[in-house]
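First up is the structure itself, then whatever we jot down about it.
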Amino acid sequence: MLTGGEGELTVTVRMRVSPEPEGGQALLDLMRRYRDALNYSIRAVIASRALSLTKAHRLLYNDLRERYGLPSRAALDCYREAIAIARSWLKNPKRGAVPTAKGLSVWLTHELGYRVKGDHVELAGGYRLRVIGYDRRYDDFPSREARLVFRDGRFDLYVFKRVPRPAKYAPKGALAVDINERQIVVGNSSVEQRMETPVERALHCRRLAEGLQVKYSSSRYRAWHRRSGVRRRVRYFHRKARNIIEDWARKTAHIIVSLAKQGQLAVAREDLTGLVESLRRLPKGHRTALIMLGYRRLAFWVDWQAEKGGVPLFVVDPAGTSTTCPRCGAELVEVGHRRLRCPRCGLEGDRDTIAILNIEGRALSKMGGTLTSPTAPQMTDVNPNRWGEPSAL
Ligand SMILES: [Zn+2]
């Protein structure tokens, strides 16, 4: 999603589409043939290292047309996609088994593979879909390639567009984001807001799925696996858990980035690498997995929304953000449940507040500013009359 040149962003616009009633089955058939053809092409391209369009064309075009019955344009898009998948797989030093496409998803070249005409989309080969709805904010920007996806009984067309990267303002300060197991804390030395994470709700869905799996399984054979109804419900609960996390991450990121924009602040978040490492040491299970997923998705959406909204972003070193004093840098001591005190300067605070101040401080020092903590002496030393009353006149 964050690809594109220096001055551009690639955004994806999702269009809800629906095939004409009589064309739905034919389109699904095409998508199934495309998937099978794609899997065949990936293996062929890898086996003979046919990584150029010319080589892949010579190797695959006739097969894709005749054996898989793909329209000419779909055949070209199919081996083009296979090359892209093969390239990234070959580049990965830790590659596992050859990748396989499982869902129904078709790659479409703009103009040649698909065309949006008013309230219809036309695919090469004569397939027509009605556009039900989409985000019109990017209408003025030219469309590029697209992907048609069939999932959960509906069709979506994801259209890629290049839009100019918005200019970033010069921040007046930083808005720090601290994430811990139970909540997200957003703030700086003058404001603080706490938000719940949806981990418990998502965990509930996972447990429901697990309950079904246990109920319908036996040690000798996985009977639940054979009952498609049960299997569908298990999948449903797993997917629901993921959707809860994803929705929350997107909405929370939006709140954070909007707050920063309102105050013309930069967003400061911790580098997640260390956090993910420390989570690896927790007992493995759904809970840890969901927390990790939540962190990653929140970071992804914060970065993306900041980029899209022209909000400056700083990723700071997370080492010791909740154990060192934000005012003097001394090691803090624990004085109660999640309360810390500085033995050197006496600053005392809640663990999350301390973390926020440290993250803010690190971002400000990256910006070249300095942190003014709420109790810093210069704040109380200022004579209020100095600014308030022009007594000299
Ligand atoms: Zn201190």
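At-a-glance table
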quantity: Residues of type lysines that LYS168 reaches as a straight line, Cα spacing below 18 Å, ignoring anything fewer than 8 places off in the same chain; calculated: LYS261, LYS308, LYS366
quantity: Interchain or long-range residues, amide H under 5 Å from GLU8's placed H; calculated: ARG165
quantity: Equivalent ellipsoid semi-axes - Cα gyration tensor, segment 3-91, angstrom; calculated: 24, 23, 10
quantity: Candidate lysines for bridging to LYS94, where Cα separation is under 27 Å - those fewer than 8 sequence places away on the same chain excluded; calculated: LYS55, LYS102, LYS284
quantity: Three semi-axes of the equivalent ellipsoid, the chain, Cα gyration tensor, whole Å, largest first; calculated: 49, 28, 20
quantity: Expected 222 nm ellipticity per residue - DSSP helices of 4 or more, -39500 (n - 2.57), all of the chain, to 500; calculated: -14500 deg cm²/dmol
quantity: Hits among lysines - C-alpha to C-alpha of LYS117 under 19 Å, sequence gap 8 or more where chains match; calculated: LYS161
quantity: Probe 1.4 Å, protein heavy atoms only - accessible area per residue of the chain in square angstrom; calculated: 56
quantity: Signed unit charges on C-beta, dipole axis of the chain, positive-most listed residue GLY113, GLN264, ILE354; calculated: GLY113
quantity: Stokes-Einstein D in µm²/s, Kirkwood radius over Cα pairs - segment 85-216 at 4 °C with 1.567 mPa s viscosity; calculated: 63
quantity: Solvent-accessible area, 1.4 Å probe, carbon plus sulfur percent, for the chain; calculated: 51
quantity: Span-rule helices in the chain, defined as complete DSSP H runs reaching 30 Å or more along the axis (Cα) with Kyte mean at least -1.0; calculated: 24-47, 228-262, 286-309
quantity: Size of charge dipole - the chain - debye, nearest 20, with Cβ of Lys, Arg +1 and Asp, Glu -1, no other charges; calculated: 2160
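The values are calculated or read from the model by the stated rules, or taken from the named source; none is laboratory data. Being a predicted model, the structure only gives us computed values, none of them experimental. Reconstructed Cβ throughout: ideal geometry from the backbone, glycine too, with neighbour counts over all protein chains shown. Protein only, heavy atoms only, side chains kept; ligands, DNA and RNA dropped before computing areas. Shrake-Rupley method; radii C 1.70, N 1.55, O 1.52, S 1.80 Å.
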